[in-house]
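Working notes for the structure below.
None of the figures in this text is laboratory data; all of them are computed from the coordinates on show. Keep in mind it's a predicted model, so treat the numbers as computed, not measured. When we count neighbours, we look across all protein chains shown, and the Cβ atoms used for this are built from the backbone with ideal geometry, even at glycine.
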Amino acid sequence: MNPIARLILIVLYSILGLAAAGRSTVQILERFNEAPVPYTLSAISACLYVLIAVALWRGWHTVALVGTIVELVGVITVGTLGYVESSWWPDETVWTGYGSAYGWVPVLLPIVALWFLVRARRAALVAAPHPATADPA
Amino acid sequence: MELYTSVVYPAVLAVCALLVAVGVVTLIWVRAHRVLKWVVGATYVAVLAQAGFVLLGLFTVDGISIPTTLGYFLATVALLPLLGIGRLGTPDAAAIDPDPNRPVLAPDQVARVDAGAAIIVAIALAVASWRITIILGGGS
């Protein structure tokens with residue numbers, strides 16, 4: 001994976017993790033009973049962002065790939081449900097409105113990260129010796 | 001808190017603007033990395049001054065939400081180490097880490113990573129500072 005893209009993604013995921021963790025902590029500490037599902041979801045998204053940042057740093061490509069897929073599915077699902085079934089959401093989550101409160105970074109970031117991660121995985125597969133042609137010695 | 005709204009907050013916004021401007025220049029012309037390092041130093045000073053006022057606000061501003069205020073205080077301080085994150089990819093830093101997956105960057109790549117991080121952190125810092133100003137009662 002391009003090292004510049006990798007470190008910039010780590011910065012972006014760290015900041016989103018920080019923002020989501022701060023938001024969910026305050027929501028859970030101050031008014032969890034008002035909207036338990038959105039606030040729990042914010043906490044889950046914070047954990048996911050931190051996990052992806054750590055996975056990118058440690059080179060756990062599969063964890064990073066699965067994490068970004070879960071993140072993208074989550075933000076699209078929550079964003080869509082926010083419009084379709086607005087009564088289910090007494091308050092906003094990090095992923096509400098496809099992350100509009102965060103400049104739509106929550107929906108754009110996994111797409112960019114997936115692009116880099118899939119490209120890196122393809123490059124690794126091409127670079128790896130094919131089992132049939134590999135020298136048995 | 002007048003000192004905060006008239007001096008510290010504008011100073012933080014000014015260093016954020018400088019971080020973005022010098023960050024963009026560094027992305028194009030890596031020799032500006034030296035200037036970026038100076039701006040990062042100024043950012044540390046401005047943000048730590050802001051952190052001092054936030055702590056002061058915890059004790060002097062009536063009706064302030066302690067979890068929210070502490071959250072923004074920690075967020076602004078936690079953003080600082082991300083400035084200059086390119087240093088983690090220098091060959092010297094990688095040499096002392098046994099992790100084989102650690103990224104190793106050439107000097108121009110270190111400058112570009114620092115520049116990108118500076119732009120991102122500047123935006124996050126400006127937003128957090130704006131929220132802090134509202135909490136401390138200096139904005140709307």
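Structure notes:
- Projection of the Cα convex hull of chain B, averaged over all directions and equal to a quarter of that hull's surface, yields 9.3 nm².
- Placed amide H near residue A:59: partners under 5 Å, 5+ positions off or other chain: none
- Cα long-axis angle, helix A:3-31 against chain A (0 to 90 degrees, to the nearest 10): 20 degrees
- Euclidean distance between Cα centres, the range B:34-58 to the range A:51-107, Å: 31 Å
- Helix-derived mean residue ellipticity, 222 nm - over chain B, DSSP H n ≥ 4, -39500 (n - 2.57), to 500: -23500 deg cm²/dmol
- A helix-only calculation puts chain A at -25500 deg cm²/dmol for mean residue ellipticity at 222 nm, using -39500 (n - 2.57) for each DSSP H run of at least four residues, averaged over all residues.
- Loop-located GluC sites (Glu not before Pro) in the range A:49-102, at most 11 other Cβ atoms within 10 Å (DSSP): A:85
- Using θ = phi - 60° and Karplus 6.51 cos²θ - 1.76 cosθ + 1.60, couplings along the range B:56-65 (whole Hz; Gly, Pro as x): 4, x, 4, 9, 10, 8, 6, x, 7, 7
- Sorted by Cβ neighbour density within 10 Å, fewest at the top, the residues B:125, A:81, A:109: A:81, A:109, B:125
- FRET E, pair residue B:31, residue A:115, Förster distance 35 Å, beta-carbon r, rounded to 0.05: 0.70
- Chain A has equivalent-ellipsoid semi-axes of 35, 15, 12 Å, by the square roots of 5 times the alpha carbon gyration tensor eigenvalues, sorted largest first.
- Amide H within-cut-off set for residue B:84, under 5 Å, with H built and near neighbours excluded: B:118
- For chain B, built as a Gaussian network whose Cα springs stay under 10 Å, the top-fluctuating residue of B:89, B:63, B:41: B:63
- Against chain B, whose longest principal axis is taken from its Cα atoms, helix B:66-79 shows a tilt of about 20°.
- Net charge dipole size for the range A:3-122 [Lys, Arg +1 and Asp, Glu -1 on Cβ; Debye, nearest 20]: 700 debye
- On the principal axes of its alpha-carbon atoms, the protein assembly as shown has extents of 75, 51, 30 Å, going from largest to smallest.
- Under a Gaussian network description of chain B, with springs only between Cα atoms under 10 Å, the residue in B:64, B:96, B:85 that fluctuates furthest is B:96.
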